[in-house]
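Take a look at the structure set out below.
Any read-out appearing in this document is the output of simple, stated calculations on the displayed coordinates, not a laboratory observation. Values in this document were obtained by computation on a predicted structure and should not be read as measured data. Because the Cβ atoms are built from the backbone with ideal geometry, glycine has one as well, and the counts that use them run over all protein chains shown.
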Amino acid sequence: MILERYAEAINKSDPAMMASLFAPQCFFSAGGGRTRGAPDHICESREEVLQYFAKVMGEIDMKAVVHRVNPGSMEYDVVVGDNVVNPCVGVVTVDADGLIAELIVRPL
């Protein structure tokens, strides 16, 4: 499933792998850090996803711990550094090619 590959890209800290999961024109809303006061970040293309994850992965050590994969969604923790855990849910829509057309991430 595409969301499991999304978690794998986080765990490999691989922005190019991450971007390859998204359609050229897509919508990504990263709001998993809301509980820590982090603002949502919006990307509307594969190139913006690449730039966002290159910046984030270059600055922050993060891992994804998947708890549950459902059709169209995934519950997981984003672990930042050694001790900050952000429980999240990601809801996805894929296009005809199986790429992410829309991904919304919110805190659980």
Go through (1) over 12 Å from the mean Cα position of the chain (by Cα); (2) without any contact (Cβ under 8 Å) to a residue 40 or more places away in the chain for Leu50 and report which single condition fails.
(1)
Which residues, counting only those in the stretch 24-74, are within 18 Å of Glu8 (Cβ to Cβ) and of a type in the set (Val, Ile, Thr)?
Val49, Val56, Ile60, Val65, Val66, Val69
In the stretch 45-68, is there at least one residue being touching a helix residue (DSSP H, G or I) at 6+ places or on another chain (Cβ under 6 Å) and within 13 Å of Leu103 (Cα to Cα)?
yes
Quick one: in the stretch 18-44, of everything that is touching a residue at least 12 places away in the same chain (Cβ under 8 Å), farther than 20 Å from Gly72 by Cα and out of contact with any Pro (no Cβ under 6 Å at 6 or more places or on another chain), which residue is surrounded by the fewest Cβ atoms within 10 Å (Cβ to Cβ)?
Arg36
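Identify, please: which residue in the stretch 71-91 is of a type in the set (Val, Ile, Thr) and closer than 16 Å to His41 by Cα and is, among those, surrounded by the fewest Cβ atoms within 10 Å (Cβ to Cβ)?
Start the filter on the stretch 71-91 by keeping residues that are of a type in the set (Val, Ile, Thr), which leaves 78-80, 84-85, 89, 91.
With the extra rule that they be closer than 16 Å to His41 by Cα, the set shrinks to 78, 89, 91.
On the way: Val78: 22, Val89: 17, Val91: 15.
Step by step, filter the stretch 71-91, then rank; the result is Val91.
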Members of the stretch 59-98 found to be among the small types (Gly, Ala, Ser), over 17 Å from Glu4 (Cα atoms) and touching a residue at least 24 places away in the same chain (Cβ under 8 Å), listed by number:
none
Residue in the stretch 51-70 that is touching a Pro at 6+ places or on another chain (Cβ under 7 Å), surrounded by fewer than 16 Cβ atoms within 10 Å (Cβ to Cβ) and among the aliphatic types (A, V, I, L, M) present
yes
How many residues does the stretch 83-98 hold that are within 22 Å of Gly37 (Cβ to Cβ) and either assigned to a loop (DSSP other than H, G, I, E, B) or not polar (S, T, N, Q) (or both)?
7
Kindly indicate whether Asp97 is buried (at least 16 other Cβ atoms within 10 Å of the Cβ) and among the acidic types (Asp, Glu).
no
